[in-house]
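Below: the structure, in C-alpha cells.
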Amino acid sequence: MRRFRIIILICLIISSLNSCKDENNVIIKGELSNLDSPDVIVTHFSTDILTVDTLRISKKGQFSYRTFIDTLTTFTFYFNDYNSSVVVFADKGEKITLKGDATLPDLIQVNGNAINDDLTLFKKENETLLKQRAELLNSMKIDQLENTNHGLLSENEKIVRLNSLNHELTQKAEDFIRKNPTKIASVILINNLFRDTENPTTLERVLGYLEGEALIFPLTEDLKTHCNKLKLSAEGSHLPYFQLVDTKNDTIRSIDFSGKYLVLSFLSATGVESRDEIRVLKNEYEKLNKDSVQFISIYIDSDKYPITSISNDSIPWITVTEKKSWASDIVETYNIRYVPYNILVTPEGRIKRRNIPAQEVRQAIEGATKWS
C-alpha cells in the first residue's frame, strides 16, 4: 500500500510539472504567401538574453513555433532574408496565429490575444492606406537598389506621397488611441508611429490620451522618458551643451558660437547623399556673411578612424569625426536618427529649425536677419 502511495505521489508530481510546462508554453503558427526564403527567423528576449531561432517553412508557407515564456513577450518574425518582418505579442499559455502576405508585413493579421487582435483590427480598418504605403515603400526600395526610378511618379513625388500617407496614418492612429485609451494596442501604436516624431508636442499629446492599464504599461513610462528627452533638442529649445574635438585636434564647445548663426550638419563619410549635401552647403556658405555664421559638419558613421576622405572635400568650416559614431553623446542628445541631417541655431542659442534642407539654410538665415 505504501509503495502504491509513493507511485501515486510521483505521478502527481510529474503531472504537476507537465501542467506548469503547458502553462508556460506558447504556440505561434503562421501561414504566409510570397515567401522567397525557405526559413523564418524568430527572435525574442528572455531574461535579457536574445534568443534567435530558425523555422522551416512548408511548401504551403506554413510554420509553427513553440517556446516557453513566463511573461508577456515581444517576438519578431523575419521573412525573405530579413527584407520584411512582423511583431507578435504573446503571453504564457497562448496560441497565436499569423496570416498574410510576406511582402506586405504591415497587413499581416496576428490574432490570439487582446493586443494582437486590436492591432489587427486597426490594420483591417486602414487596409487601403497601409497597402498604398507598403507598395510605395517597396517601389522606393527597388529604386534605391537598382539606382533607377520605377513607376509614374518621380523620386520627389514619391517622397511627398509617402509623407502624405504617413500623415494620414498617424491621424487614423491618433483617432484610435483617443477612442481606446485603456488598450495596450494604443501604446504600441504610439511607439510605432509617434516615437520618431520631430515634434515632441505630438508625442506628448497622444500619450495624454492613455488611461488605466495602458497608462501603467512599462512601455508608456519609456515613451514619457523619451518624450522629455526630445524636448531638450526640439525647435525653440536652448541649444544643448556639447564639447567636441575637430579634425585639427582643437576642442570646440557649443558656447563658443554664441552671437552667430550655427549650422550643425550630421553626415556620412561615404554616403552619396552626404556628398551631395556638402556641395549644396558649400554653395550656401559662400553666399553668407562669415562674421555672422558658423558651420560645423559632424561625421558619425565611419567604420575607420580617422576618416581620410574629408580632406578631399576641402570643407572650409569646422569638421568633426566622432569616434563613437552612432553611439556618440551628441547623436543621442540631439536625437539624430539618419544622415544627412541639418540643424539651424540662432545667435541667441536656440534651435530654430531641425532637419532643415541644405538649400534652405541661406534663405532661413537671411530672412531671419532681415526681420530681426
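The values are calculated or read from the model by the stated rules, or taken from the named source; none is laboratory data. What you see is a predicted model; the values in this text were computed from it and never measured. For neighbour counting, all protein chains shown are included, and Cβ atoms are generated from backbone atoms with ideal geometry for every residue, glycine included. Note: accessible area is taken over every heavy atom of the protein model, side chains too, but ligands, DNA and RNA are not part of it. Shrake-Rupley method; radii C 1.70, N 1.55, O 1.52, S 1.80 Å.
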- Got a sec? Which of Thr128, Thr120, Thr71, Thr97 is at pLDDT 95 or above, of a type in the set (Ser, Thr, Tyr), exposed (fewer than 14 other Cβ atoms within 10 Å of the Cβ) and more than 28 Å from Val272 (Cβ to Cβ)? Thr128
- Message: Here are the criteria: (1) closer than 23 Å to Asp106 by Cβ; (2) open to solvent by less than 50 Å² (accessible area, probe 1.4 Å); (3) at pLDDT 95 or above; (4) of a type in the set (A, V, I, L, M). Tell me which single one Ile27 does not satisfy.
- Response: (1)
- Message: Looking at (1) of a type in the set (A, V, I, L, M, F, W, C); (2) crowded, with 18+ Cβ neighbours inside 10 Å; (3) under 22 Å from Ile356 (Cβ atoms), which one does Leu210 not meet, given that it meets all the others?
- Response: (3)
- Positions within the stretch 257-280 being at pLDDT 95 or above and open to solvent by less than 10 Å² (accessible area, probe 1.4 Å), in sequence order: Leu262, Val263, Leu264, Ser265, Phe266
- Message: Just to verify a result, which residue in the stretch 42-67, among those that are open to solvent by 100 Å² or more (accessible area, probe 1.4 Å) and assigned to a strand (DSSP E or B), is farthest from Leu32 (Cα to Cα)?
- Response: Ile49
- Query: Going through the stretch 233-250 one residue at a time, which ones are surrounded by 18 or more Cβ atoms within 10 Å (Cβ to Cβ) and part of a loop (DSSP other than H, G, I, E, B)?
  - Reply: Ser233, Leu239, Phe242
- Message: Can you pull out every residue in the stretch 118-138 that is among the polar types (S, T, N, Q) and within 19 Å of the chain's Cα centre (by Cα)?
- Response: Asn138
- Item | Members of the stretch 194-232 that are assigned to a loop (DSSP other than H, G, I, E, B) and either at pLDDT below 95 or hydrophobic (A, V, I, L, M, F, W, C) (or both) | Phe194, Arg195, Asp196, Thr197, Glu198, Asn199, Leu210, Ile216, Phe217
- Say we look at the stretch 30-41 and pick out the residues that are assigned to a strand (DSSP E or B) and free of Cβ contacts under 8 Å to residues at least 40 places away in the same chain; which of these is surrounded by the most Cβ atoms within 10 Å (Cβ to Cβ)? Val40
- Item | Count of the stretch 138-197 residues which are open to solvent by 70 Å² or more (accessible area, probe 1.4 Å), touching a residue at least 40 places away in the same chain (Cβ under 8 Å) and of a type outside the set (Lys, Arg) | 1
